Amino acid sequence: MKICYLLGYPVEHSMSALMHNASFQRLNLPYRYELRSIPPGDLVTFVEKELRTPKVRGANVTIPHKQAVIKALDEIDETASIIGAVNTIVNKRGNLTGHNTDITGAHRALREYFGGLYDTKVAILGAGGASKAVSYLFAKKASRVSILNRTLKKAESLAVTLSRLPECKAEVQALPLKYEPLENAVKEADILVNTTSVGMVPKSNETLVSKTLLHRELFVFDLVYNPPKTRLMREAAEMGARVIGGLPMLVYQGSEAFKLWTGRNPPEELMFKTLKENLGEDQ
Ligand code: ATR
């Protein structure tokens, strides 16, 4: 039996184990997915002592470890290294490689529900690990990327990193997450992405964007998947915008991680079904 861990702090709310374990069982693979809540101070020791052992095939990495885990790994694939965030680790005979499947996950979700990203204008809320993946994706294709964050410095540093990339096509700007900059960015945006945890259970009545700023030309992508319809999504839909939640990205990033660990394509329909049943509402 091989183990794949989810490393986070906390991780109890995560639904990844459900979709991965259902998929391992369906394909008769001798794998098990387990949640591990690791305080930041214990992360490197856990990686050293546990992740390199033969029984472990790899891990997913979530809040708050996506950036901090990098220093504990042996190799980082190209895109994960560019953005400085790892959400998937593969253990090959004690050698640990970091990947970022959030990029592919977000890209597939957007391709399916929005379409091509070329020449779009996007407003991205947040500048953490998930934002790095989404902002990178847009920097290569969009015409303008506005990154709005409560801590402006983090948005600025991300904007500088992206602007310097040879593959960056967009004008990338960092803005404080305040009413006026948000109003301007959302007004001109084709797409609004929430990469923060605001709106997630148990505080599902919170939102970072006033309803009056939302409009019918907007496509809203909220990475939060629990609840399936966040307040932001609900209000955006009421204002005539198209909306999607975080479920497709959760499944697609998980699917990519599954392929890296097992070399097999997971049954994505089963992943969707398992998660929807547990979320208790239809997307
Ligand atoms: P993840 O890996 O999911 O992106 P993260 O790296 O911890 O998680 O990043 C969380 C993001 O959500 C950050 O941009 C954070 O803003 P700060 O950089 O200012 O901390 C944002 N965030 C979390 N809670 C928030 C809140 N209540 N209001 C505004 N932004 C919030």
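Just a few scattered comments:
- Gap separating the Cα centres of region 58-112 and region 135-160, nearest whole Å: 19 Å
- Whole-angstrom Cα spans of region 153-283 along principal axes, big to small: 44, 39, 26
- Loop-resident sites, region 154-188, for GluC sites (Glu not before Pro), counting at most 10 other Cβ within 10 Å (DSSP): 167
- Amide H contacts of residue 220 (H built 1.01 Å from N, under 5 Å, at least 5 apart or other chain): 192, 242, 243, 244
- Counting only protein heavy atoms and a 1.4 Å probe, the chain has 45 square angstrom of accessible area per residue.
- Stokes-Einstein diffusion for region 82-138, with the hydrodynamic radius set to the Kirkwood value over Cα pairs and evaluated at 25 °C in a medium of 0.890 mPa s, equals 194 µm²/s.
- Accessible surface of region 222-283 [probe 1.4 Å, protein heavy atoms]: carbon and sulfur percent: 43 percent
- Spatial offset of region 228-275 relative to region 21-51 amounts to 21 Å, using the alpha carbon center of each.
- Our coupling estimate for region 222-238, obtained by passing each phi through the Karplus curve with A = 6.51, B = -1.76, C = 1.60 and θ = phi - 60°, is 9, 6, 5, 10, 9, x, x, 10, 6, 4, 4, 5, 4, 5, 5, 4, 5 Hz, Gly and Pro reported as x.
- In the chain, helical runs assigned H by DSSP with n ≥ 4 each contribute -39500 (n - 2.57); averaged across all residues and rounded to the nearest 500, the mean residue ellipticity at 222 nm is -11000 deg cm²/dmol.
- The lysines within cross-link reach of residue 169, meaning a Cα-to-Cα straight distance under 20 Å and a gap of 8 or more places when in the same chain, are 121, 132, 140, 141.
- For region 3-47: rounded, prolate or oblate by the Cα gyration tensor [a/c cutoff 1.5]: oblate
- Length-normalised contact order of region 216-256 in % [C-alpha pairs under 8 Å, at least 6 apart]: 47 percent
- For the chain, built as a Gaussian network whose Cα springs stay under 10 Å, the top-fluctuating residue of 194, 184, 60: 184
- Entry note: region 195-256 has Rg to Rh equal to 0.99, where both radii use alpha-carbon atoms and Rh is the Kirkwood radius.
- A 1.4 Å probe, protein heavy atoms only, puts the accessible area of residue 70 near 50 Å².
- Rounded to the nearest 20, the size of the Cβ-charge dipole of the chain about its Cα centre is 460 debye, with Lys and Arg at +1 and Asp and Glu at -1.
- Local charge for residue 155 was computed over the other residues whose Cβ lies under 13 Å away, with Lys and Arg +1 and Asp and Glu -1, and equals +4.
- Kirkwood Rh, Cα atoms: Rg over Rh of region 25-112: 0.98
- Mean separation of Cα pairs under 8 Å and 6 or more residues apart, divided by the residue count, gives region 205-283 a relative contact order of 28 percent.
- The equivalent ellipsoid that matches the C-alpha gyration tensor of region 126-210 spans semi-axes of 22, 14, 12 angstrom, in descending order.
- Here is the result for region 201-283: no chymotrypsin sites (Phe, Trp or Tyr not before Pro) lie in DSSP coil with at most 11 other C-beta atoms within 10 angstrom of their C-beta.
- Length-normalised contact order of the chain in % [C-alpha pairs under 8 Å, at least 6 apart]: 16 percent
- In this view, the solvent-accessible surface of residue 249, computed with a 1.4 Å probe and all protein chains in place, comes to about 10 Å².
- Note on residue 1: accessible area is roughly 140 Å² with a 1.4 Å probe, heavy atoms of protein only.
- q = 0.10 Å⁻¹: log10 I(q)/I(0) that the Debye formula gives for region 68-183, counting C-alpha atoms only: -0.31
- For the chain, pairs of C-alpha atoms spaced more than 28 angstrom apart make up 34 percent of the total.
- 3J(HN,Hα) along region 156-169, derived from phi through the Karplus expression 6.51 cos²θ - 1.76 cosθ + 1.60 where θ = phi - 60°, amounts to 5, 5, 5, 4, 5, 4, 5, 4, 7, 6, x, 7, 6, 9 Hz, with x in place of Gly and Pro.
- For region 68-129, the list of trypsin sites (Lys or Arg not before Pro) that fall in a loop by DSSP and count at most 13 other C-beta atoms within 10 angstrom reads 93.
The values are calculated or read from the model by the stated rules, or taken from the named source; none is laboratory data. Note that the coordinates shown come from a computational prediction; the quantities given were computed from them, not determined experimentally. Cβ: placed from backbone, ideal geometry, glycine included. Neighbour counts: every protein chain shown. Heavy atoms of the whole protein, side chains included, go into the accessibility calculation; ligands, DNA and RNA do not. Shrake-Rupley method; radii C 1.70, N 1.55, O 1.52, S 1.80 Å.
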